[in-house]
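We did not get these values from a lab; they are worked out from the coordinates using the rules stated. Just so it is clear, the structure is predicted and the values come from calculations on it, not from any experiment. In this analysis, Cβ positions are derived from the backbone assuming ideal geometry, glycine residues included, and neighbour counts consider all displayed protein chains.
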Amino acid sequence: MTHHRPRRSYLHGAAVLATAVAVVKVIGAVYRIPILNILGDEGASPFQVAFSVYTFLLIVSTAGLPVALSKLVAAADAMGRARQVRRVFTVGRNTFVALGFGSFLIMALFHQQLAELFGSPSAAYGILALSPAVFFVGLISAYRGYCQGLSDMVPTSVSQIIEALARLIVGLTLAWLFAYWALPSPVTVAGAILGVTAGSVLATLYLFFAKRKVDRHRRISDAADVPDSARQISKSLGKIAVPLTLGASIFAFIGIIDNAVILRQLQDTVGLPYEEALSLHGTYAMTLPLFNMPISFVVPLMVALIPAISAFLAQGDHLGARKTSESGIRVACLLALPAGAGLTVLAGPIMDVLYYGRFADQGAWLMAWMGLAAFFICFFQITNCVLQAYGFQRYTILTLPIGGLVKLVLTWWLLAVPGIGIYGAAIGTLACYVVISVINVVLVKKKIPDPPSFRRALILPLLCTAAMAATAWASYGLISSVVFDVLAYAPTRVPLTISLTGSIGLAAAVYLVLIIATRALKKEDMLMLPKGAKLAKLLRVR
């Protein structure tokens, strides 16, 4: 007889992952913000270009397969097919190894050509430094997909923290040393990036042993099910993964083109010298860590949601699938709306506190636009997640490129408009995710029988967020006027930090009270969290 642990609610797994994300984000801030300050605006641009090339090849290698792997593992596990679970992992892992090795060779052998292709020759060493990571992250994705399909999010969470710590210790140390030794900027960029490669190696080693521990609890040697052939499983993985990979790869490629468009349009059409174009692109790159922060807290929800919906559908429980989908969308909105609104209304103070110099001033308006876009990237991702769980992943092949094309055209046009310039890159980003979100809503309503209600998921979080944003904006003005008078002789960042922290804390308190009072956060959501009953009682969630 096969033994496996009972499946936990998707929010339990999401909470475990979200806790890890919070830790990783703190570590990431300690890494990324000093790194960007060490590199400066000119170093930030090749840093971003190198990561864009890496991200594209990583998506080609891994984009659809983790989702496909976790979905097939979850369905097999829900039906008690332990041998099928093992074979799905084996086939998936071998596929990851082949694709990851191919991507590694491309980055390692053609790093100079890739950097020149995208208008940033100084990014070549950074691309080379990242090349081993794309192979190891492929393996990491296989192990994480397997554990996530079994609703065990602990290995994923721990491996993320290991990656972040290694990136911090190795990357920041090398960047500081290389800058201290006055090595050329491209070498310093490569040193900063080497931390990513070190983290991927250590995380792979941890996950190898973590999977063995998970398997010891399952005791599959006496399982009675007959697994599908490797060929059948490959077809099933491909049916799910290929559309996801195509859509994500096209979108990532558009992202790389976007970097090239910004650099070349600023030089060729606007007429800026390379150094000034590089500086403006670096300013835009400075906003991306904050822009990506809200989605990082929604990703754990998505990772846990797909296998949860898949398990309900495998058992024929369509009501359970609908309730889980609607809960996922609502919780995603509760997380993403206040984060995006906060980045928008407090954009200036945030950029002033985190960065310094010219890009802190220009970055404020960029951050305001990117804050709006931050919600829509979360919304499009969670609706993508629902479509994928229901088996409609092929439609993302269409939606992602449509949004990407909107981004490219708007960015190219607005960059050359006097008075807009580099802000056009952020406006194009916002338009891109708005378009995809609208298309996804239409697809969910049209294609899914008994679809989740967007009205129920959005109205209350929107009202609570509006009140929170007004509180953040007003309280910052009041607090800063007092604090700047009291600390008139302190360095500017001190009163700025105190004022910003106070306004964020007050706005967060108002938001928490409102989502509980209006029942935007429901008791059934709380009960699916670890210690949810105690939390619901403590917060008096009904």
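Here are the numbers:
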read-out	value
Signed unit charges on C-beta, dipole axis of the chain, positive-most listed residue Val226, Trp412, Ser279	Val226
Theoretical gain in end-to-end length, Asn37 to Ala488 [0.36 nm per residue, Cα-Cα removed]	159.8 nm
Burial ranking of peptide ranges 478-484, 67-73 (average Cβ count within 10 Å, highest at the top)	67-73, 478-484
Net length gained if the chain between Trp365 and Leu478 were fully extended (0.36 nm per residue, minus Cα distance)	38.5 nm
Size descriptor, Kirkwood hydrodynamic radius, that averages inverse alpha-carbon separations across region 128-277, Å	19.0
Mean Cα-pair separation over length for the chain, i.e. relative contact order, pairs under 8 Å, 6 or more apart, %	18
Estimated [θ] at 222 nm from DSSP helical runs (n ≥ 4, -39500 (n - 2.57)) normalised by residues in the chain, nearest 500	-29000 deg cm²/dmol
HN-Hα J in Hz across region 85-102 - Karplus 6.51, -1.76, 1.60, θ = phi - 60°, x for Gly and Pro	4, 5, 5, 4, 4, 4, 5, x, 4, 4, 5, 4, 4, 5, 5, x, 5, x
3J(HN,Hα) from dihedral phi, region 421-434, Karplus parametrisation 6.51/-1.76/1.60, rounded to Hz, x for glycine, proline	x, 5, 5, x, 5, 6, 5, x, 4, 4, 4, 4, 6, 5
Extent along principal axes [Cα atoms of the chain; Å; largest to smallest]	72, 58, 41
Full-stretch length increase - Phe208, Glu116 - with 0.36 nm per residue and alpha-carbon distance subtracted	29.4 nm
Among 380-387, 196-203, 412-419, 457-464, the order from most to least packed when residues are scored by Cβ within 10 Å on average	380-387, 196-203, 457-464, 412-419
Dipole in debye (nearest 20) - region 77-174, about Cα centre, beta carbon charges: Lys, Arg +1; Asp, Glu -1	460
